[in-house]
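Below is one structure, written out as structure tokens; the observations come after it.
The values are calculated or read from the model by the stated rules, or taken from the named source; none is laboratory data. Quick caveat, the model's predicted, so the values are computed rather than measured. Every residue, glycine as well, gets a Cβ built from its backbone with ideal geometry; the counts of neighbours run over all protein chains shown. Ligands, DNA and RNA are stripped out before the accessible areas are found, and what is left, the full protein with its side chains, is counted by its heavy atoms. Shrake-Rupley method; radii C 1.70, N 1.55, O 1.52, S 1.80 Å.
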Amino acid sequence: MTRLFLDNQNARRLFLDRHLLLRPGSGPGRGEDLEGVLDALGFVQVDSVNTLARAHDLILWSRRGRYRPKALESLVARRRTAFEHWTHDASVIPMAFYPMWRKKFERDEARMRSRWSETRRRGWETEIEQVLRHIADNGPASSLDVGDEEPKDSSGWWDWHPSKTALEFLWRSGRLAVCHRRGFRKFYDLAERVIPAVHRNQRCDDDEIVDWAMSEALRRLGFGTSGELAAFFEIVTRDEAKAWCADALSNGRIIEVEIEMSDGSRRRSFTTEAVLDDTASLPEPTGRLRLLSPFDPALRDRSRAERLFGFHYRIEIFVPEAKRRYGYYVFPLLQGDRLIGRLDAKRVDGALRVQAFWPEAGVRMGKARTSALKSELERVRRLAGAQTVAFAEGWMRR
């Protein structure tokens with residue numbers, strides 16, 4: 001059987017369009033507009049590293065230049081149109097998706113309970129009930145508000161003190177919810193006091209959840225293997241994903257397509273006829289040069305980004321400084337439908353300090369592209385709260 005084929009350039013453009021990176025971003029980046037961005041992406045990963053701006057803020061800013069951090073805080077803490085939980089990592093997720101997370105709550109609880117030894121089970125159950133009772137009686141709490149008598153360096157499941165472990169267990173299993181943050185510290189409250197009843201009371205069976213997770217992943221990726229679709233929300237198992245793809249293929253809901261990779265090889269994937277029809281009408285990409293978060297959804301799967309864009313990227317935070325190829329926390333740069341380089345930059349004494357920029361092989365940094373890079377640095381400077389942009393000597397690595 002001859003499969004349909006999508007060449008690499010159109011595959012890149014389709015993928016970027018589904019991630020809101022192909023066209024110019026417009027809109028205020030707050031309220032309903034920001035809710036629409038979050039829904040289109042599916043989630044944004046939350047990360048604590050703040051050399052320039054936090055990951056979730058950079059992700060949203062790269063799609064909406066007028067976005068500012070308080071807008072996302074508002075969705076979670078005031079509007080209650082988003083909640084915090086896990087996909088592949090801690091993320092902010094549209095509130096309408098909450099019923100689908102019940103499958104994740106159950107699996108996370110079972111996994112965490114499996115770590116308890118029988119000799120310690122009763123102690124952990126007691127700790128969890130005490131923390132839950134404290135929040136029920138006293139309202140929202142952070143890890144600093146529980147376990148007053150505990151040494152803070154004692155170990156729990158994740159080398160946390162026991163009450164911190166209990167908080168995370170109750171959150172991951174859905175009994176607590178993050179109601180707000182102060183700085184970057186999470187505050188938890190009973191789920192029934194945070195999650196709107198319309199979402200909290202909705203029930204879906206496992207088959208509905210699997211179908212939703214796979215369909216919605218495909219809609220946001222444009223194309224993918226069963227494993228890539230399963231990994232998008234990380235709600236379904238790979239076996240469930242394979243079974244869903246086989247069924248959806250047999251009844252015509254999805255089709256097979258060969259996607260051309262950057263090296264000319266082909267990768268068998270799934271998509272829909274409607275998606276392929278839309279590909280023919282995709283516009284030319286915006287010429288803006290965009291600074292991306294290392295945790296941008298388009299780059300989350302490092303292997304896929306390398307196959308599709310020919311861009312090898314790894315975070316070097318945990319690499320000893322002497323062994324780093326680039327830097328501690330380096331930002332990918334996108335222009336059009338190509339990833340053109342990476343930037344080492346951070347806030348230092350009120351300035352956005354550019355240590356180095358490494359263009360990709362074959363990327364020529366002429367006047368126009370260098371000017372576009374500097375314009376992007378001026379834009380991100382405002383998000384970062386820096387007053388000026390400063391360049392280290394020899395920052396342009398050719």
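Before moving on, here are some points about what is shown:
- Cα shape, segment 217-348, gyration tensor, a/c 1.5 rule: prolate
- Using θ = phi - 60° in the Karplus curve 6.51 cos²θ - 1.76 cosθ + 1.60, the 3J(HN,Hα) couplings for segment 61-73 round to 5, 5, 9, 9, x, 8, 4, 9, x, 4, 5, 6, 4 Hz; x is entered for Gly and Pro.
- Net charge of Cβ neighbours under 11 Å - reference R268; Lys, Arg +1; Asp, Glu -1: +1
- Shape class for the chain: oblate, because the ratio a/c of the largest to smallest gyration tensor axis (alpha-carbon atoms, square roots of eigenvalues) is 1.5 or more and b/c is at least a/b.
- Taking every DSSP bridge with both residues inside the chain, close to 85 percent are antiparallel.
- Other-chain or far-sequence residues with amide H under 5 Å of R353's (modelled H): K346, R347, V348, A390
- When F391, F83 are compared by accessible surface with a 1.4 Å probe, the order from highest to lowest is F391, F83.
- Once the Cβ-Cβ distance of K374 and S74 is raised to the sixth power relative to R0 = 56 Å, the FRET efficiency obtained is 0.95.
- As a rough guide to protection, the peptides 330-338, 253-261, 19-27, 361-369 ranked by mean Cβ packing within 10 Å, highest first, stand as 330-338, 253-261, 19-27, 361-369.
- Using the 1.4 Å probe convention, the accessible area of segment 152-300 works out to 43 Å² per residue with neighbouring protein chains retained.
- Simple label model, 7 Å out from Cα along Cβ direction - A40 to A361, nm: 3.4
- Annotation: for a label point projected 7 angstrom from Cα along Cα→Cβ of R133, no residues of segment 78-116 have a backbone N closer than 19 Å.
- Its Cα centre serving as origin, the chain has a Cβ charge dipole (Lys and Arg +1, Asp and Glu -1) of approximately 1600 debye.
- Helical runs (DSSP H, four residues minimum) scored at -39500 (n - 2.57) apiece and divided by the length of the chain put the mean residue ellipticity at 222 nm at -11500 deg cm²/dmol.
- Calculated FRET value between D247 and E32, using beta carbons and R₀ = 30 Å, to 0.05: 0.25
- Whole-number percent relative contact order across segment 167-255, with pairs defined as alpha carbons under 8 Å at least 6 apart: 16
- Each of the peptides 54-65, 188-199, 282-293, 169-180 was scored by the mean count of other Cβ atoms within 10 Å over its residues; in descending order, highest first, they stand as 54-65, 169-180, 282-293, 188-199.
- Residues listed by number, segment 50-66, amide nitrogen under 16 Å from A390 label point at 7 Å toward C-beta: 52
- For segment 254-388, the fraction of 1.4 Å probe accessible surface lying on carbon and sulfur atoms is 45 percent.
- Percent RCO, i.e. relative contact order, over segment 1-107, from Cα pairs under 8 Å lying at least 6 residues apart: 25
- Karplus (6.51, -1.76, 1.60) ³J(HN,Hα), θ = phi - 60°, over segment 258-265, in Hz, Gly and Pro reported as x: 9, 9, 6, 8, 5, 8, x, 6
- Sites listed here are chymotrypsin sites (Phe, Trp or Tyr not before Pro) in segment 308-337 whose DSSP assignment is loop and whose Cβ has at most 13 other Cβ atoms within 10 Å: F318.
- For the chain, relative contact order (Cα pairs under 8 Å, six or more residues apart, normalised by length) works out to 17 percent.
- Summed side-chain charge close to L352 - residues other than L352 whose Cβ falls under 12 Å, Lys, Arg +1, Asp, Glu -1: +3
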